[in-house]
Every structure is written in C-alpha cells, then in structure tokens.
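A.B. asks: Sharing a structure with you now.
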Amino acid sequence: MKANRLENRNCWGILSGIEIGFFNMYDTSYDIVSNSNKERIMDYDFLKRYEGNPIVSADKLKGIPGGCNSVFNSSVVRVGNGFKGIFRVEERSGLQSLRVAESEDGINFRVLPDRILQPETEEQKIYEEAIYDPRISKIDDSYFVCFAAESKYGCQVGLAETKDFKKFKRYGCIAETENRNLVLFPEKINGKYYRLDRPFQGRNGNIWLNESPDLVHWGMPRCIMESRNFYWDRGKIGAGAPPIRTDEGWLTIYHGTTPLCNGLIYRLGVALLDLEKPWIVKHRAKAYILSPSEYYERVGDCPNVCFVNSAIPFFDKNELWIYYGAADQCLCLAKCKISELIEFCKTC
C-alpha cells in the first residue's frame with residue numbers, strides 16, 4: 001500500500017564515517033555492501049515487506065470457534081517440506097487463544113479450529129488464565145513452545161514440547177512473575193540450555209540471559225542488553241525471534257520501544273551474540289531494521305506496532321523470513337538477505 005507509506009524516502013549516505021551526499025533509499029542500483037577499502041554504503045531499506053501483507057488477518061479466519069477479532073504475534077517454523085505455526089488468536093469475547101496453523105509455502109496458512117494448551121489442571125487455571133505471544137524453537141527432534149502466561153499474579157512464561165503439533169507435554173511456568181518475551185536458543189551451548197527473557201521493572205525492561213541443565217531449573221541470570229538513552233530503543237526492549245546460529249554469532253532480532261507523548265512505537269532491531277559465550281554482545285545495530293509505516297502497522301487495536309516472534313533462515317538462498325505482528329491486528333512477513341542483515345548489524 002505505497003500510498004500509505006509515512007517514512008522518509010531519502011537518507012544521507014555514509015562512507016567511512018563521512019557524509020557523501022543524498023541518495024534515494026529505494027534506488028536498487030546501490031549495492032548494500034562494498035568491501036573495497038572497507039567502504040560501505042548502507043541502504044536502510046534492505047528489509048523488504050512482502051507485497052501481499054498482511055498474510056493472515058481476522059477476515060481470513062471467519063467461522064473459527066469463538067470468532068476472531070485479531071490474529072497477530074505468532075510463531076512459524078519449518079517442518080519437513082512445509083511450515084507449521086502457532087498463532088495468537090484473540091476471540092470476539094476478548095479472550096486469548098493459541099491455534100495450530102499449517103502452510104505449504106509459508107505465506108498461505110490454514111488455521112486449525114481447535115484451541116491448544118488450554119489450562120486443564122487447577123494449577124494451570126490459576127497461573128495460565130491467558131496465554132499468548134508464542135515462540136517456537138526446534139531443539140533436536142522436538143519443538144518447544146514458549147508463551148506468556150498471565151494471571152491475577154502477573155505475567156509469567158510457560159513452556160510446552162511437541163513433536164507433531166498434536167500432543168503437547170507441558171512444563172508449567174518456568175519464570176517468576178513480571179517476565180515475558182522468553183525465547184530458547186535452538187541448541188545446547190557447552191552442554192546447557194540457554195534462554196533470553198525480559199523481566200519487567202516498572203516502565204523499564206531489558207534483555208536477560210539464563211542457563212539451565214534441563215529446561216526446568218534456571219539460573220545464572222545476566223542482563224546482556226539494555227535500553228539506550230536517546231535511541232529508538234530507549235524504552236523497554238525484549239527478545240523477539242529465537243536466535244539463529246551464523247558464522248558471525250547468534251543472530252538475534254528483538255523489539256524495542258520509543259516512548260512518545262501519545263504512546264509507544266514498537267520497532268525491530270538486530271544484534272549478534274557470541275556463539276560460545278552468548279552473554280557477550282558482539283554487535284548491536286544503532287539503527288532499527290523495521291518501523292511501522294504501512295497502514296496495517298499504523299492502525300489497529302494497538303497502533304504503531306511491529307512485533308517479531310519468529311524468523312526462518314534459508315541458508316541455501318541467503319534469505320531470512322521475518323514474521324511479525326502489526327498493530328496487534330494481523331500477521332505480516334518481511335524478507336532480507338542474511339549476509340546483508342549481519343553486515344548492517346556490524347556497521348550501522
């Protein structure tokens with residue numbers, strides 16, 4: 001919806017720290033990276049929205065039990081030759097639910113009608129009154145689903161495991177209250193599981209790292225990323241998609257907020273963590289990679305929001321698919337070259 005774009009179409013080019021002039025961000029004749037003499041020209045529009053966005057919205061879920069007010073902040077993974085997802089569906093009653101979704105191409109999804117991970121035991125009914133914002137990490141041959149679990153005591157994080165997206169083993173809540181945005185690393189590091197999460201203190205929230213021998217008992221908390229004064233992520237920040245292993249480090253896409261007088265803007269940023277010592281942040285881009293500008297990102301139940309829950313790498317094509325919720329209303333897709341995102345993280 002090009003008519004609705006609100007962002008500035010031009011920016012200053014940077015060459016070895018020196019302004020070199022005014023260029024059009026949408027001029028595809030520019031290479032994003034030039035290695036000669038370590039000179040780089042950064043194009044801030046290298047992340048491309050899928051032209052058919054939003055890929056999932058409430059009007060595509062007509063007839064689903066409970067009705068659908070919105071579908072957003074959902075997670076997608078590759079399974080075999082296709083894709084599976086766990087979608088956050090807000091029903092017309094206002095209640096939150098999680099539903100399994102299936103797709104052959106990662107764009108056209110069929111959302112199954114049954115609610116999953118509904119509280120059954122007395123303990124689950126106490127601590128998991130509302131579950132939402134799922135993230136899926138594949139570890140070995142299992143898929144682990146992290147989700148926010150809210151109750152009268154505050155927000156915790158629940159964990160479940162599945163192999164077929166039909167039967168789920170529940171681990172219960174694995175974080176204390178006032179915590180959310182939990183993602184698992186997709187493999188053990190030096191024999192331990194690691195996770196990122198976001199304990200919440202008042203209006204502030206930073207990204208922390210914890211480790212575990214068994215996914216149940218967690219400890220050694222370290223704050224590894226903080227909000228930055230005067231930058232776009234000067235408000236609360238939180239982990240988004242599960243980290244992706246690359247030769248340069250764990251590629252980590254997160255969300256950050258910009259507090260303004262009329263509310264928050266949710267944007268996406270990128271960082272690289274050390275492969276063996278993930279508490280070390282090797283690089284963190286100063287600039288955001290995606291900010292609300294399209295109509296469906298600007299207007300919705302919670303306006304001005306881009307919120308990431310999953311990112312799927314296609315290493316054979318050097319391509320990354322980023323799934324993000326828009327304005328707490330719909331699910332969208334953006335794509336980029338993995339190498340360009342890493343270069344952006346290291347240099348911008």
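A.B. asks: Which value at 222 nm does the chain reach when only helices count, each DSSP H run of 4 or more adding -39,500 (n - 2.57), with the total divided by all residues and rounded to the nearest 500 deg cm²/dmol? Could the numbers behind the result be given before it?
C.D. replies: On the way: 3 runs with 20 residues, N = 348.
So the calculated ellipticity at 222 nm is -1500 deg cm²/dmol.
A.B. asks: What is the fewest-to-most order of Thr177, Thr121, Thr257 by other Cβ atoms lying within 10 Å of their Cβ?
C.D. replies: Ordered from fewest to most neighbouring Cβ atoms within 10 Å, Thr177, Thr121, Thr257 come out as Thr121, Thr177, Thr257.
A.B. asks: Return the aspartates and glutamates within reach of Lys317: Cα separation strictly under 17 angstrom, same-chain partners fewer than 8 residues apart disregarded; answer none if there are no such residues.
C.D. replies: Of all the aspartates and glutamates, those that pass the test against Lys317 - Cα under 17 Å, at least 8 places apart if same chain - are Asp105, Asp247, Glu340, Glu343.
A.B. asks: So if I take the centroid of the Cα atoms in region 293-315 and the same for region 60-105, what is the distance between those two points in Å?
C.D. replies: 15 Å
A.B. asks: Compute the distance in nm between two label points, each set 7 Å from the Cα along the Cα-to-Cβ direction, one at Asn81 and one at Tyr295.
C.D. replies: The two pseudo-label positions are separated by 3.8 nm.
A.B. asks: Lys152: which lysines have alpha carbons under 19 Å from its alpha carbon, excluding same-chain residues fewer than 8 sequence positions away?
C.D. replies: Lys125
A.B. asks: While we're looking at this one, here's another question. Using alpha carbons only, how many angstrom separate the centre of region 319-348 from the centre of region 117-135?
C.D. replies: Using only Cα atoms, the two centres lie 30 Å from each other.
A.B. asks: Under unit Cβ charges (Lys, Arg +1; Asp, Glu -1), what dipole magnitude, rounded to 20 debye, does the chain have relative to its Cα centre?
C.D. replies: 200 debye
A.B. asks: Obtain the nm distance between the two label points defined at Ala287 and Cys302 by a simple spin-label model: each point lies 7 Å from its Cα along the Cα-to-C-beta direction.
C.D. replies: Distance between label points: 2.7 nm.
A.B. asks: Let me ask you something else. State the three equivalent ellipsoid semi-axes of region 88-220, derived from the C-alpha gyration tensor as the square roots of 5 times its eigenvalues, in descending order and whole Å.
C.D. replies: Working: eigenvalues 106, 81, 40 Å².
After diagonalising the Cα gyration tensor, the semi-axes are 23, 20, 14 Å.
A.B. asks: Among Lys62/Lys169; Lys169/Lys335; Lys138/Lys236; Lys138/Lys277; Lys138/Lys335; Lys166/Lys277, which pairs are too far apart, with a Cα-Cα distance over 25 Å? Please report the intermediate quantities before stating the final value.
C.D. replies: Details: Lys62/Lys169 30 Å; Lys169/Lys335 33 Å; Lys138/Lys236 27 Å; Lys138/Lys277 20 Å; Lys138/Lys335 21 Å; Lys166/Lys277 35 Å.
Violating the 25 Å limit, Cα to Cα: Lys62/Lys169; Lys169/Lys335; Lys138/Lys236; Lys166/Lys277.
A.B. asks: Using unit Cβ charges (K, R positive; D, E negative) and no other charged atoms, how large, in debye to the nearest 20, is the dipole of region 97-224 about its Cα centre? Let's see the in-between values first.
C.D. replies: Details: 19 positive and 21 negative charges, 45 e Å.
For region 97-224, the charge dipole is close to 220 debye.
A.B. asks: What are the ³J(HN,Hα) couplings of region 214-226, residue after residue, when phi is run through the Karplus curve with 6.51, -1.76, 1.60 and θ = phi - 60°? Round to Hz, x for glycine and proline.
C.D. replies: Each residue of region 214-226 in turn: 8, 6, 10, 9, 10, x, 6, x, 9, 7, 10, 9, 10 Hz.
A.B. asks: Treat the count of other C-beta atoms within 10 Å as a stand-in for reagent exposure and order Cys223, Cys332 from fewest to most.
C.D. replies: Working: Cys223 11, Cys332 27.
The most exposed by this proxy come first: Cys223, Cys332.
A.B. asks: What distance in nm separates the simple spin-label points at Leu264 and Asp316, each placed 7 Å from Cα in the Cβ direction?
C.D. replies: Label at Leu264, label at Asp316, 3.9 nm between them.
A.B. asks: Sorted from fewest to most neighbouring beta carbons within 10 Å, what does the list His255, His283 look like? If you can, show how the numbers build up before the last one.
C.D. replies: Numbers: His255 26, His283 18.
Exposure proxy ranking, most exposed first: His283, His255.
A.B. asks: Could you list which residues have their amide H under 5 Å from that of Asn73, counting only those 5 or more apart in sequence or on another chain, with H placed in the peptide plane?
C.D. replies: Those qualifying (amide H under 5 Å, at least 5 residues apart or on another chain) are Gly325, Ala326.
A.B. asks: Based on Cβ point charges of +1 for Lys and Arg and -1 for Asp and Glu, what charge dipole magnitude is obtained for region 202-314 about its Cα centre, in debye rounded to the nearest 20?
C.D. replies: Values: 12 positive and 11 negative charges, 87 e Å.
Value, rounded to 20: 420 debye.
A.B. asks: If you plug each phi of region 307-318 into the Karplus form 6.51 cos²θ - 1.76 cosθ + 1.60 with θ = phi - 60°, what whole-Hz ³J(HN,Hα) values come out, in order, with x for Gly and Pro?
C.D. replies: 9, 9, 10, 7, 8, 10, x, 10, 5, 5, 10, 6
A.B. asks: Determine, for each peptide in 204-210, 59-65, 306-312, the mean count of other beta carbons within 10 angstrom over its residues, then list the peptides with the highest first.
C.D. replies: Numbers: 204-210: 19.9, 59-65: 13.7, 306-312: 25.0.
Those peptides, ordered most packed to least, come out 306-312, 204-210, 59-65.
Laboratory data are not the source of any read-out in this text; all were calculated from the coordinates shown. Just so it is clear, the structure is predicted and the values come from calculations on it, not from any experiment. All Cβ positions, even for glycine, are placed from backbone atoms using ideal geometry, and neighbour counts span all protein chains on display.
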